Amino acid sequence: MVENYSPTSPEEGIPESCKDLGTHIHDFSVVAELDEKYRDATIKIRIKVLSPFENEIKPWTVEAILYQPGQSVVFHELLTLHASVKGEGSCEIQANCAVENPLKWSMELPNLYTLVLNLKDHDGGVIESRNCKIGFRKFEFQEGTMRINGQPTMLKGVRRHEAHWKNEEICGMEEVLEEIKCMKQYNINAIYMDQQPNAALWYDLCDEYGICVIEETGIEEYEPREGEKLYRPFIPCEYIPVAREEFYGDSLFLTDGTINPKLHEVKKRYQNIKLEAEDLRMGKVKIINQYILTNLEEMETLWEVLRNGEVVFRGGMIVAVAPEEARIITLPYELPVQRSQYEEYFLNLSLRLKEDTTWAAKGHEVAFEQFAISIPQRIIRAEYPRYPRIALTEKDDFLKVEGQKFTFELNKSNGDIISYCYKETELFREPPVPNFWRACTDNDREDKLQERCATWREAGRNRTLQSLYLEKSEDRVRIQEEFLLPTLVASFCKVSYIIHGNGGIEVTEELFPGENLPEIPEVGMMLVMDSSFQNITWYGRGPHENYWGRAEGAKVGMYRGIVKEQFVPYRHLQECGNKTDVRWIVVTNSQKIGLMVTGKPWIEANALEYTPVELEENSRTHNLTSGNKVVLRVNYRQMGMGGERSRKAKTLPAFTLYANRSYAYSFSLCGVEWKK
């Protein structure tokens, strides 16, 4: 036996020569308490020693060593058991150790100390060594406000189930660490545990990374792991702040291992830095630091000015803003005195990590804001545009418009567009149809929207033509159609097309709902193209999916992608892939021929390989047949994703399309050869 042995660091173990004599530390608890000024602390240690021996054993001692972060020793105490351990009996030792002004634990700075307990026999030999992590913090409710170490604290959390996103098994070290880092990267600082305590590893990593753990109230008493007791604050569920879009039915990760796109909205709403416009023409912006302990000099402030989605100025700087303070900065960019009617300018401001951390790499974006810059528009005299001449062929039930690079054909008996070709490439696989339905989301199903609003599901496809009006000039043709929609109470829809000599088509859709009908999931038009049109470029919010009421985390910009990649593999197939505030979107094939849709002024756009009905008819991703088409939905808008709470809550009124009013919107279609 090695005499007078004690570890020199919290990680060092006991040599093989140190044999367990049977007497051991059966249980221990450590409670760290801060004083009323949140400065100094007291560690209360309780140790229970158990022995199976029948004969009396000489007195034992316990050596307590506290290491601070960085592994320097804070204190080194010898605690003597005041009674011997007798036959199959036990003995307890209790002690209070003072710690002067320790580093405090908080969600921003989760400082952890290590306490090592060495059980020694009467000769000073180490029989057993145990250790645990200690955080010095005091949690309180004061006047209805949560406080940690006396500072008001906002918990920004999500629910968590103890199951891996891929196979629903208990998470191992790698999976738990990935999940914890993801939460930190998306500004989540609290977790609400459902039903039962999670694996001990999870709690340890939450302590290490600064995550507040909240367990469901009314939970049963579960046996803690050997050697410790868990002391956690009780917080009523009602105090848990959550994003309006909860994660009901989903995890942080999707079934393919990618990030759940809802997290982008959570990250934006949970960010601890607020950015406000002071005078954008002069480059003045206010930065408000809502952190309690973090100075923003630890981050790099990057900015860029965009014109129609393209960067024209950019720069970076280090801005020191103390915790809970604000500062106005001036960005050195110059703006034009006037802009054309086709130009718009945005300022993107981003704060990013200056150095690597345990949870994210250097350059990780912590917070951002996007500002629209108001610039006076240059006044020019409006001129009536002239287009190339067109040829019109008309029969009893058929209409054809021909121009230099395009043809347009329409069935006059039902109002369907039969064909729209550009440079001899057919752009429509099926006739465009007014559409008033989206694939139901988890929230929709809980709210029974699929039953309440079922009258809108096939209303566009089952429409009947009531009238068709045609007007022609040298360089354009105007077609006005009116349809009856077979809703519970009859509704009407008007669609007008103005076909210009350059091949462009101006489209206007109007909806007049019948009386006392339920809300409308979506108001728009569905275009079906061949599966070869896989390339998309759009100027609007992105790059991830975003929705009315869930778009703050998506910047307006110019983005590119593949149609197949817009599908989001939620656990239950549902609406996905939407883009809001879209100025224009282009869908092209490998020859760069395709269709450009331009909003007047903006639209919502959704490009997938499946129709809403096809998504609803399949419960899981593996049930879907590989897409043989591209479904482009060009919408006025679709309803928001949910209410204040997910389950059985209707969409908030501000994001609902009620049927007690009419709707109208416009956009243009044009065949293009896209070379950008």
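The values are calculated or read from the model by the stated rules, or taken from the named source; none is laboratory data. In this text, all values refer to a predicted model and were calculated from it rather than measured experimentally. Ideal geometry is used to build each Cβ from the backbone, glycine not excepted, and the neighbour counts take in all protein chains shown. What goes into the accessible areas is simple: the full protein's heavy atoms, side chains included, and nothing from ligands, DNA or RNA. Shrake-Rupley method; radii C 1.70, N 1.55, O 1.52, S 1.80 Å.
Scanning the range 469-489 for residues that are outside any loop (DSSP other than H, G, I, E, B) and among the polar types (S, T, N, Q) yields a count of 1. Determine whether the range 516-537 contains at least one residue that is buried (at least 20 other Cβ atoms within 10 Å of the Cβ), under 27 Å from the mean Cα position of the chain (by Cα) and over 18 Å from Tyr610 (Cβ atoms). Among the residues of the range 516-537, at least one is buried (at least 20 other Cβ atoms within 10 Å of the Cβ), under 27 Å from the mean Cα position of the chain (by Cα) and over 18 Å from Tyr610 (Cβ atoms), which makes the answer yes.
Identify the residue in the range 616-639 that is open to solvent by 10 Å² or more (accessible area, probe 1.4 Å) and of a type in the set (S, T, N, Q) and, among all such residues, is modelled with the highest pLDDT.
Of the residues in the range 616-639, the ones open to solvent by 10 Å² or more (accessible area, probe 1.4 Å) are 616-629, 636-637.
Subset that is of a type in the set (S, T, N, Q): 618-619, 621, 623, 625-626, 628.
Working: Asn618: 84, Ser619: 73, Thr621: 74, Asn623: 75, Thr625: 77, Ser626: 70, Asn628: 89.
The residue in question is Asn628.
To keep it simple, each residue is scored yes or no on (1) closer than 23 Å to Gln271 by Cα; (2) not aromatic (Phe, Trp, Tyr).
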position: Val305; (1), (2): yes, yes
position: Val311; (1), (2): no, yes
position: Arg314; (1), (2): yes, yes
position: Ile318; (1), (2): yes, yes
position: Arg339; (1), (2): no, yes
position: Phe346; (1), (2): yes, no
position: Ser350; (1), (2): yes, yes
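Considering Pro569, Pro601, the condition of being in contact with a helix residue (DSSP H, G or I) (Cβ under 9 Å, 6 or more places away or on another chain) and surrounded by fewer than 23 Cβ atoms within 10 Å (Cβ to Cβ) is satisfied by Pro569 alone.
Among Thr625, Thr621, which is the only one that is touching a residue at least 40 places away in the same chain (Cβ under 8 Å) and among the β-branched types (Val, Ile, Thr)? Testing whether each residue is touching a residue at least 40 places away in the same chain (Cβ under 8 Å) and among the β-branched types (Val, Ile, Thr) leaves just Thr621. The set of residues in the range 540-551 being over 13 Å from the mean Cα position of the chain (by Cα), of a type outside the set (Gly, Ala, Ser) and crowded, with 23+ Cβ neighbours inside 10 Å consists of Arg541 alone.
All of (1) of a type outside the set (Gly, Ala, Ser); (2) open to solvent by 30 Å² or more (accessible area, probe 1.4 Å); (3) at pLDDT 95 or above hold for Glu474 with one exception: (3).
Leu657 meets each of the listed conditions (1) surrounded by 14 or more Cβ atoms within 10 Å (Cβ to Cβ); (2) within 28 Å of Ser590 (Cα to Cα) apart from (2).
Restricting to the range 278-287, count the residues that are part of a strand (DSSP E or B) and surrounded by 16 or more Cβ atoms within 10 Å (Cβ to Cβ). So that I can check it myself, show each step before the final result.
Start the filter on the range 278-287 by keeping residues that are part of a strand (DSSP E or B), which leaves 278-279, 284-287.
From what is left, the residues that are surrounded by 16 or more Cβ atoms within 10 Å (Cβ to Cβ) are 285, 287.
Residues flagged as part of a strand (DSSP E or B) and surrounded by 16 or more Cβ atoms within 10 Å (Cβ to Cβ) within the range 278-287 amount to 2.
With the requirement that a residue be out of contact with any strand residue (DSSP E or B) (no Cβ under 6 Å at 6 or more places or on another chain) and open to solvent by less than 10 Å² (accessible area, probe 1.4 Å), what does the range 438-451 give you? Please lay out each step first, then the result.
Going through the range 438-451, the residues out of contact with any strand residue (DSSP E or B) (no Cβ under 6 Å at 6 or more places or on another chain) turn out to be 439-451.
Passing the criteria: Ala439, Cys440, Thr441, Asp444, Leu449.
The condition of being among the β-branched types (Val, Ile, Thr), surrounded by 22 or more Cβ atoms within 10 Å (Cβ to Cβ) and not in a loop (DSSP other than H, G, I, E, B) does not hold for Val613.
Give the residue that is surrounded by the most Cβ atoms within 10 Å (Cβ to Cβ), with candidates limited to residues of the range 367-425 that are β-branched (Val, Ile, Thr) and touching a Phe, Trp or Tyr at 6+ places or on another chain (Cβ under 7 Å). Before you say what the answer is, go through the steps one by one.
Here is the first cut: in the range 367-425, the residues β-branched (Val, Ile, Thr) are 373, 375, 379-380, 390, 393, 401, 407, 417-418, 425.
If we keep only those that are touching a Phe, Trp or Tyr at 6+ places or on another chain (Cβ under 7 Å) as well, we get 373, 375, 401, 417.
Details: Ile373: 18, Ile375: 18, Val401: 25, Ile417: 22.
By that ranking, first place goes to Val401.
If you check Glu510 against the conditions, is it of a type in the set (D, E, K, R) and either outside any strand (DSSP E or B) or more than 30 Å from Leu652 (Cβ to Cβ) (or both)? In short, no.
Filtering the range 288-331 to residues that are open to solvent by 60 Å² or more (accessible area, probe 1.4 Å) and polar (S, T, N, Q) leaves Gln290, Thr330.
Looking across the range 510-549, just one residue is touching a Cys at 6+ places or on another chain (Cβ under 7 Å) and either closer than 29 Å to Ile593 by Cα or modelled with pLDDT under 95 (or both), and that is Glu545.
Quick check on this structure: which one of Glu169, Glu162, Glu108 is modelled with pLDDT of 85 or more, surrounded by fewer than 19 Cβ atoms within 10 Å (Cβ to Cβ), under 38 Å from the mean Cα position of the chain (by Cα) and assigned to a loop (DSSP other than H, G, I, E, B)?
One residue alone meets the criteria, Glu108.
Every condition in (1) closer than 30 Å to Ser496 by Cβ; (2) assigned to a strand (DSSP E or B); (3) open to solvent by 40 Å² or more (accessible area, probe 1.4 Å) is met by Arg352 except one, and the failing one is (1).
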